[in-house]
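Here the structure is laid out as structure tokens; the discussion comes afterwards.
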Amino acid sequence: MTPRVIAAATVAATIVAVLGMLWTGGYDIAQALAALWNGAFGTPYAVLSATLVRATPLLFVGLAVGIAFRAGVLNIGAEGQLLAGAAAAVAVGLSVGDWPRVVALPLTLGAGVVAGAAWAGVAGWLKLRFGVLEVISTLMLNFVAAYGVSWLVRGPLQEPTRIYPQTVELSAAVRLPALIDGHRVHLGLVLAVALAVATWWILTQTAAGFRVRAVGASLSAAQSAGGIRPTRTLAVVFLASGALAGLAGASEATGVTFALYEGLSPGYGYSAIAVALLARLHPLAIIASALLFGALEAGAAAMQRDANVPSVLAAVVEAMIILGVLAFERAREGGRRL
């Protein structure tokens, strides 16, 4: 079976599975699909205030996962790094909220970047110093970050009335401006696209990008090659990946939620794995992949609201896409060997 046949079969199987789940669940298929489309693309508000808003963190975190995977680092902890970035950004944003925006906003976003990098750096240090598998350490750190956010919003950062487990809202000085008045899409989207282009340029046009790709292609070959220090390259990749995920959290806190609370992320760090894999880890393709998944999540929310279809259906589709991509890659590698 050729890769193209595998890809076509994956798409067909996904569509059939979704329709089958809707039918066996007793839902009105036409109504559900109409709600899915309308929620994602049906109106300008759906595009500018739902699809693009959800695509923005997925693009940031998709890049984080993509650059790590390109170096052979299986960073499953983007969710925790995102939460660490959001927590740090809100903490700093609350402290500098009355400063001029030109100073306060970069400081707030920078705090998210540093926190995300530091969170990933823990896993990097464990791997490079003790050989701890990053799949396990980053996954466990996700839970630590989630409980850390819960502790913060019920403890030192909780709003003054102590009624709700959340912080007070950030001031206007540390909020990312909206791109279009009356809609929720914000400057974070422009920043994410710019970073995708920059990541592509670094990976394909610079010596640092070559080292990342060489280490990811074959660690042993990179070790024997002159001029490449795999340990240093892997350390940089861990920090860069965490920084991108941390910036996703800072962007979400300063552009969408304006506060920190439990459940701030609906699982963007996990969805980003599918985003990166579907794009085959190509930074520019991740833009399109993030838009697709942003539309899928926006449409799933509309399906739940308008057709009573559980939004978990979107997670099922994401899982099937991951399985399909893995099958596609497996078939492609098999074809090469032949």
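The values are calculated or read from the model by the stated rules, or taken from the named source; none is laboratory data. Nothing here was measured: the structure is a model prediction, and the numbers come from that model. Here the Cβ positions follow ideal geometry from the backbone for every residue, glycine too, while neighbour counts run over all protein chains shown. To get the accessible areas, we keep the full protein, side chains included, count just its heavy atoms, and leave off ligands, DNA and RNA. Shrake-Rupley method; radii C 1.70, N 1.55, O 1.52, S 1.80 Å.
Tell me which DSSP H helices of the chain clear both cut-offs, 24 Å or more of axial length from alpha-carbon atoms and a mean Kyte-Doolittle hydropathy of at least -0.5.
3-24, 52-70, 78-95, 101-130, 134-154, 187-205, 230-252, 283-307, 312-337
Go through ASP28, ASP181 and list them by solvent-accessible area, largest first, probe radius 1.4 Å.
Ranking ASP28, ASP181 by accessible area, largest first, yields ASP181, ASP28.
How many percent of the accessible area of the chain is carbon or sulfur, using a 1.4 Å probe?
The computed percentage sits at 68.
For every helix of n ≥ 4 consecutive DSSP H residues, a contribution of -39,500 (n - 2.57) applies; sum these over the chain, divide by its total residues, and give [θ] at 222 nm rounded to the nearest 500 deg cm²/dmol.
It lands at -24000 deg cm²/dmol.
Quick check: pseudo-label points 7 Å beyond the Cα along Cα→Cβ at ALA30 and PHE130, how many nm apart are they?
About 6.0 nm, to one decimal.
With all protein chains present, calculate the accessible area of LEU33 using a 1.4 Å probe and round the result to the nearest 10 Å².
Accessible area of LEU33: about 70 Å².
List every residue whose amide H lies under 5 Å from the amide H of GLN166, counting only residues 5 or more places away in sequence or on a different chain, with H placed 1.01 Å from N in the peptide plane.
Distant-sequence amide H within range of GLN166: GLU159.
Would you mind calculating the gained length between ARG213 and ILE163 on full extension (0.36 nm times residue separation, minus the Cα-Cα distance), in nm to one decimal? Spell out each step's value before the answer.
Numbers: separation 50, 0.36 × 50 = 18.00 nm, distance 5.00 nm.
Full extension from ARG213 to ILE163 adds 13.0 nm.
Please arrange MET140, MET303 by accessible surface area, largest first, computed with a 1.4 Å probe and ligands excluded. Could you put the intermediate results ahead of the total?
On the way: MET140 95, MET303 10 Å².
The residues order as MET140, MET303, largest area first.
Using alpha carbons only, how many angstrom separate the centre of region 173-199 from the centre of region 10-46?
So the separation of the two Cα centres works out to 29 Å.
Most fluctuating residue of VAL61, VAL325, VAL185 in a GNM of the chain with Cα springs under 10 Å: which is it?
Highest fluctuation among the options: VAL325.
Amide H neighbours of TYR261 under 5 Å, counting only residues 5+ apart in sequence or on other chains, H built in-plane at 1.01 Å?
Those lying under 5 Å, H to H, from TYR261: there are none.
Of the residues ALA198, ALA64, ALA40, which exhibits the maximal mean-square fluctuation in a Gaussian network model of the chain defined by a 10 Å Cα contact cut-off?
Maximum fluctuation in the GNM of the chain, among the listed residues, is at ALA198.
Determine the per residue accessible area of region 135-192 with all protein chains present and a 1.4 angstrom probe, expressed in square angstrom.
57
What size of dipole, in debye to the nearest 20, comes out for the chain about its Cα centre when the only charges are +1 on Lys and Arg C-beta atoms and -1 on Asp and Glu C-beta atoms?
In total the dipole reaches around 1180 debye.
Could you work out the relative contact order of region 8-78? I mean the mean sequence separation of Cα pairs under 8 Å and 6+ apart, divided by the number of residues, in percent.
On the way: 22 pairs, mean separation 9.0, N = 71.
That works out to 13 percent.
Under the 0.36 nm per residue contour assumption, what length would be gained going from the current alpha-carbon distance of TRP201 and ILE15 to full extension?
63.4 nm
Where Rh is the Kirkwood radius over the Cα pairs of region 1-144, the temperature 37 °C and the viscosity 0.692 mPa s, what D in µm²/s does Stokes-Einstein return?
Roughly 174 µm²/s, to the nearest whole number.
Search the structure for amide H atoms under 5 Å from the amide H of HIS186, placed 1.01 Å from N in the peptide plane, and list their residues when 5 or more places away or on another chain.
When sequence neighbours closer than 5 places are left aside, the close amide H contacts are LEU179.
Run the simple label-point estimate for ASP181 and THR231 please: 7 Å along Cα→C-beta, distance reported in nm.
Each label point lies 7 Å from its Cα, and together they span 5.8 nm.
Please compute the length gained on full extension between ARG280 and TRP37, using 0.36 nm multiplied by the number of residues separating them and subtracting their Cα-Cα distance.
Details: separation 243, 0.36 × 243 = 87.48 nm, distance 2.56 nm.
That pair, ARG280 and TRP37, stretches by 84.9 nm at full extension.
Take every Cα pair under 8 Å in the chain that's 6+ residues apart, average their separations, divide by the length, and report that relative contact order as a whole percent.
36
To the nearest 10 Å², what's ARG232's accessible area with a 1.4 Å probe?
150
State, as an integer percentage, the relative contact order of region 69-192 based on alpha-carbon contacts under 8 Å between residues 6 or more apart.
30
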